[in-house]
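For reference, the structure is listed below as structure tokens.
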Amino acid sequence: MSEHQLLEPEPAPAPEGPPPVITCRGLTKRYGSLFAVRDLDLDVPRGATFGLIGPNGAGKTTTMSVLASLLKPTAGEVQVAGADPARDPGAVRRRVGYMPDVLGVYDATTVEEYLQFFAGAYRLPRKTWPALFDGLLELVDLTAKRDAQVNSLSRGMKQRLSLARALVHDPEVLILDEPASGLDPRARIDLRTLLLTLREMGKTVLISSHILPELQEVCTDVAIIEAGRLLASGPPRTILERLGRGRRVLVRLAGGEERTFTVADDVEQARLLRELLAEGLEIIEFRQDGGDLEDLFLSITKGVVQ
């Protein structure tokens, strides 16, 4: 298989566990002759942290907007948490927390007033607000900023506040469009920690990002799309195996010599290390080379522009 060859998605196997919390079948969004998304089939498992990966213009934001009930598809069937976003947007909005790629914060309010606005919009009982806000602000590490003006917050703090707003109604699904965009390294680490916490809470998270190393740390599954089409989906390691790509291992020896080996899995990687040590080689570095999300992304995408 040549580099950058499209990987045809495999037919979905018969479900063994609970049904996916998000499904798309033939999802298409067209603007005149331009296809933003074309015949997209997607399954997001319940409880997954699912990365939606693709270059600019691939259709990530369009897909997320359809799932969040903000856009109606041209064709196809979509289910999000048991509801159709086009036919029953109210049900989807009660079950989904959506964080757009543009910050949706109101600068003329305090942090608590901002959360009060959305708690009221979701008609949450006022008696629940104090405990709810306490929990959300602790979760996103903004307790000390409760009375601060939103316009005084850093970008990272505003991102975390926007995420708290998306969680205010305790949704089962979170759709996060480029939440790490514009964040400094410290803020990205904080966001990664928060995403891992949300996974532990049992939330299903659909997230897009151009910062692939960040997704590598948190995603259980990914879907790679380009020019509106799905190229591959599933756990990253499974996709690599379907590509026929072994895992590359880099070995650096004392004296500077480097050797590269290909192994299939953890068992073969451990066996390789034992064999090299048995040969008496002085190994100063032994690590996996490639096989991460960036490597996977470059292996599959073609740089197609519509």
Inset, instruction - Please report, in whole Å, how far the alpha carbons of the range 246-290 spread along each principal axis, starting with the longest. - result: 27, 22, 10
Inset, instruction - May I ask you to compute the full-extension gain from residue 23 to residue 77, defined as 0.36 nm times their residue separation minus their alpha-carbon distance, rounded to one decimal in nm? - result: 18.6 nm
Inset, instruction - Could you check the simple spin-label distance between residue 87 and residue 287, using points 7 Å along Cα→Cβ, in nm with one decimal? - result: 5.2 nm
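Which pairs break 29 Å Cα to Cα here: 72/203; 29/158; 29/203; 60/158; 127/203?
Details: 72/203 25 Å; 29/158 31 Å; 29/203 27 Å; 60/158 22 Å; 127/203 25 Å.
In this structure, 29/158 exceed 29 Å between Cα atoms.
Taking the number of other C-beta atoms within 10 Å as the exposure measure, put 239, 225 in order starting with the fewest. It would help to have the intermediate numbers written out before the result.
Values: 239 23, 225 26.
The order, fewest Cβ neighbours first, is 239, 225.
Per residue Cα convex hull volume for the chain, in cubic angstrom? Please list the in-between numbers first.
Values: hull volume 51.5 nm³, N = 306.
Expressed per residue, the convex hull around the Cα atoms of the chain is 168 Å³.
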Inset, instruction - Give, rounded to the nearest 20 debye, the magnitude of the charge dipole that the chain has about its Cα centre when Lys and Arg contribute +1 at Cβ and Asp and Glu contribute -1 at Cβ. - result: 1180 debye
Inset, instruction - On a 0 to 90° scale, report how tilted helix 185-200 is relative to the longest principal axis of the chain, with both axes built from alpha carbons and the result rounded to the nearest 10. - result: 80 degrees
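Taking the Cβ of residue 36 as the center, what net charge do the other residues with Cβ under 13 Å away carry, scoring Lys and Arg +1 and Asp and Glu -1?
Working: positive: 29, 30, 38, 60, 72, 229; negative: 39, 226.
So the environment of residue 36 carries a net charge of +4.
Give me the net charge of residue 87's neighbourhood, meaning all other residues with Cβ under 12 Å from the Cβ of residue 87; Lys, Arg count +1, Asp, Glu -1.
On the way: positive: 72; negative: 77, 84, 88.
With Lys, Arg at +1 and Asp, Glu at -1, the neighbours total -2.
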Inset, instruction - Run the quick spin-label model on residue 196 and residue 107: label points 7 Å from Cα toward the beta carbon, then report their separation in nm to one decimal. - result: 3.5 nm
Legend entry - Within the chain, percent of DSSP bridges classed antiparallel, to nearest 5: 65 percent
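Calculated from DSSP H runs of 4 or more alone, at -39500 (n - 2.57) each and per residue, what is the 222 nm mean residue ellipticity of the chain, nearest 500?
Values: 10 runs with 100 residues, N = 306.
Mean residue ellipticity, 222 nm, calculated: -9500 deg cm²/dmol.
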Inset, instruction - Note down the net charge around residue 171, summing +1 for each Lys or Arg and -1 for each Asp or Glu among other residues with Cβ under 10 Å from its Cβ. - result: +2
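No lab work stands behind these numbers, since they all come straight from the coordinates. Computed from a prediction, not measured in an experiment: that's the story for all the values here. Heads up, the Cβs are rebuilt from the backbone with ideal geometry, glycines too, and the neighbour counts pull from every protein chain shown.
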